[in-house]
Amino acid sequence: MNLSPAGLADLDSLLYWVATALYAVAASLHLLRLYFPEWRVVAWADRILGAALAANTAGLLFHWYRAGHAPYISRLEVVSSTVWLAVVVFILARRWIPDLAATGGFLLSLATLALGFVGTASTTNVSEPPLSFATVWLGIHVVFTQLFVICALLASGIAYVELTGITPGGRLEVPRGRAADDLIYRLTAVGFIFLTVMIIAGAIWANHAWGRYWGWDSIEVWSLICWLIYALELHLIRTFGWHGRRLAWLSFGALVVALFSMFGVVLVFPSIHGSYMVR
Amino acid sequence: MVVNKARGKLRTVVRLFRSPYVAIALIAGFIIASSVGVLVPQEKTSGTAAVEAFRKAHPVLRPVLEAVDAFRVFQAPWFIALVGLLALSTLVCTVDQLARARRAAAFARSRAPVALDSGAAELILHGSPEVAAPRVEGLLRRLGLRVWRSGATFRAWNTTGRWGSPLFHFGLVLIFGAVVAGAALQWSTTVVLTEGQTFVPGQGPPHGYDQPWNRQAPDPARLPQLKLIKHYPRYARRGYAPDAASELVVDGVPRLLRWGAPLSVRGLTLHQGRRYGALVEVVLVPGGESQGAAAQSGPRDPGPGAPPAFGGLYPLPDGSFHGGLVFLNQQDAEKQVRVADLPPLRTTASFRLVPGPKAGRYELPFDRRFQLEVVVPPESPQARPVVLSVGESLTLARWRLEFRSLRYWTTLTLSAAPLTPLLFALAWWCVAMLALAALFPERRLELVLEGVGEGGAMRSRVRLRTWAGRGAFAFPERLKEALEGLNEEEAKTS
């Protein structure tokens, strides 16, 4: 094996793309399980997902070793670690909430798309983190961002199942009606808490890095917009009783805002936050 | 009469702000206004150059945007008014929600007889009411409800989470107030220092001081004396880049100020600024000989409070030309290239600051770790880059370019925000109340057991009415399933 820096970078890329490919297969099998639960191949869905997670874990650990810092600097690192955490949360959460198993196809499809897009637009290059990243509050900020995105994805996964009206049968439980509304509300509420903590931790980090808690920067404003959108969603559920398909579409719309706020703003608008993210 | 009219108007205003439609409209308005603030470059964050470029690129939109203060959205009076209305709406809703939470708690404490009409849900349990009642009570307690029972009549509830939402909104109202009060009380000032320079409060103005709410100048007695020294024999260590840090003498005490590690000084917070770099002093001397003022060796003190000066080379009375080139270094960005006119040579030269052979040896003085790369255009005899250390010179035609000195400069920010701890305490309070509301959704029920049948075949008819808050939509169905499960348990045990 070529252990030169170029060789290590190639191995890093290889692990990344192996994980992406396995996630793609797992996503397909989870979607097939929703529509064709009687096919024997769908029994492999969880095993392939396990293999994808293992490859993702190996890739992240190797990259961590190579870079000398946790995976939270470049876009590729952030997306890869978010997908890893999302899959871990999905696997653990469906033990307690079996209804969440139905969201696997949706979640893994989006994860594969994200990994593929970022993988083609970025490299596995490593860089030393700027000094402004040397604070625990950044770690808290990133983790709670990821947890919020995961909650938003799971809520939208339930919404997807609700909108498509799938009834797979077999052992897969699909939430319906009030149970689905309940789950969407609870995931949104918990995600809102994570989002609030993310904003608070981000403000503390911003003060460490730039000497001010809030500067109306693009990404800060968009995170506030995202917070307000989710506040609006919770108001519409609690006060106006939105449920069913209307709630499902609302959940999708909020997810689009969330993903744009977290990952898209730095691509479109100039931001002090984005200037630190290595491509 | 006047008082009644005023009361009537007040009631109308309260009714208006109590409306969830108004709250949602205000939130939506805030979202739209914030979106404008992101789509249109803002003077404060993007700078005047970006704003001017946008104005030129959109001549049709320009008058509309200027009329609504779109280039200063977050400081515009209408935006501040919108935030104020949102705060008012939140306050009114909070008071309303607190009243409802008290009523829900009052229900829980009520010992009035339970009377359920025929509209209540029904199901049948095995055994007489006297037999079924303890099992039902046990089940309700296992579901996390508090239970009041009188014979075969039950009230059960969990209204803890009911308080979460109003207390969260109450926290938001306090945050609004703390932000306004904090803005009036806080201030910050920026000091620009070069190596060896001392900031003495009261002598020379600090730079960049601007507070929209509080135009009062900071009390000089509160400001510390700051002297910048850029030498790290004590602080040099592996994995640490002190070029983004300042060694200061603060009120006579040596302190290290690093990124992400602000210092507390006299109750103020001292931050290492984002803008820092190197000030290079170069001199162009005629005939290759140092003359007059330009012959002085060693760096010149630019004076207290004076910012680094950038520009081309300026003539001195002795015929030499002198210039200070300011290099800006943000985090790990490349040193910028500076182009300066060389008037006597009628050409330009580009200057770049590069790490020297001893760049990583942080125990050395700053000026020994960097070098100056000079490139003069091809029409000059010297057409290749030349690297100079401090004290070295370069011959250009009948002139000599001397690299006189290299000094570190930085911006330092002194600030005071006395209400910040309160703001963060309120923010964490809001998070805790959100968790309370989300994790403990309100559930209430009234339940009556009525005997049906006779003797050993007696059963209990359950009349049940439930109330479930958001997040507990499925509670009624789950409760019925659980009650029916009691029959299965009974069948198993018998």
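The values are calculated or read from the model by the stated rules, or taken from the named source; none is laboratory data. The shown structure was predicted, so the numbers you read here are calculated from the model rather than taken from an experiment. Cβ sites come from the backbone with ideal geometry, for glycine too, and all protein chains shown count toward neighbours. Surface areas here come from the heavy atoms of the whole protein model, side chains and all, with no ligands, DNA or RNA. Shrake-Rupley method; radii C 1.70, N 1.55, O 1.52, S 1.80 Å.
Considering amide H positions built from the backbone, and no H for Pro or chain starts, which residues 5 or more places from B:Leu123, or on another chain, come under 5 Å of its amide H?
Amide H to amide H, under 5 Å and 5 or more residues apart or across chains, B:Leu123 pairs with B:Val462.
Return the average number of partner chain Cβ atoms within 10 angstrom of each residue Cβ along peptide A:207-218.
Taking the mean over all residues of the peptide, I get 6.
Probe of 1.4 angstrom, ligands and nucleic acids ignored: what's the accessible area per residue over the stretch A:35-80, in square angstrom?
For the stretch A:35-80, the solvent-accessible area averages 50 Å² per residue.
Which whole-Hz ³J(HN,Hα) couplings does the stretch B:432-440 yield from phi under the Karplus relation 6.51 cos²θ - 1.76 cosθ + 1.60, θ = phi - 60°, glycine and proline marked x?
Running phi through 6.51 cos²θ - 1.76 cosθ + 1.60 with θ = phi - 60° gives 4, 5, 4, 4, 4, 5, 7, 8, 10 Hz.
Report which residues of the stretch A:184-199 become buried by 50 Å² or more of accessible surface when going from the isolated chain to the complete set of protein chains (1.4 Å probe; DNA, RNA and ligands ignored).
Relative to the lone chain, where solvent access is computed with a 1.4 Å probe, the stretch A:184-199 loses at least 50 Å² at A:Ile193.
How high is the relative contact order of the stretch A:72-129? Use alpha-carbon pairs under 8 Å, at least six apart in sequence, and give a whole percent.
Here the relative contact order equals 51 percent.
Remind me, relative contact order of the stretch A:1-145 in percent, using alpha carbon pairs under 8 angstrom and six or more residues apart?
31 percent
Among the residues of the stretch B:399-448, which ones have their accessible area go down by 50 Å² or more when all the protein chains sit together, as opposed to their chain alone (1.4 Å probe)?
Buried on complex formation: B:Phe424, B:Trp428, B:Val431, B:Leu434, B:Ala438.
HN-Hα J couplings of the stretch B:392-406 from phi, Karplus 6.51/-1.76/1.60, θ = phi - 60°, integer Hz, Gly and Pro as x?
In residue order, the calculated couplings are 8, 9, 9, 8, 10, 6, 9, 10, 10, 9, 9, 8, 7, 7, 9 Hz.
When the accessible area of the stretch A:169-231 is computed with all protein chains present and a 1.4 Å probe, what percentage of it is carbon and sulfur?
60 percent
Using only the heavy atoms of the protein chains and a 1.4 Å probe, how would A:Arg246, A:Arg186, A:Arg94 rank by accessible area, largest first?
A:Arg246, A:Arg186, A:Arg94
Roll a 1.4 Å probe over the protein heavy atoms and report the accessible area of B:Lys230 in Å², nearest 10.
0 Å²
Please report, in debye to the nearest 20, how large the charge dipole of the stretch B:1-100 is about its Cα centre when each Lys and Arg carries +1 at its beta carbon and each Asp and Glu carries -1 there.
It works out to roughly 540 debye.
Check B:Phe370: other-chain or 5+ apart residues with amide H under 5 Å from its amide H, H built from backbone geometry?
Residues meeting the criterion, in which the H sits 1.01 Å from N, are B:Gly356.
Could you compute how much accessible area chains B and A hide from each other, both sides summed, with a 1.4 Å probe? Nearest 100 Å² is fine.
Separately minus together, B and A give about 4100 Å² buried.
Roughly speaking, to the nearest percent, how much of the stretch B:360-419's 1.4 Å accessible area is carbon and sulfur?
Ligands and nucleic acids excluded, carbon and sulfur give 51 percent.
What order, most packed first, do the peptides A:146-157, B:45-56 have when packing is the mean number of other Cβ atoms within 10 Å of each residue?
The densest-packed peptide leads the list: A:146-157, B:45-56.
Can you give the mean number of other chain Cβ atoms that lie within 10 Å of the Cβ atoms in peptide B:272-285?
Counting other chains' Cβ atoms within 10 Å and averaging over B:272-285 gives 1.
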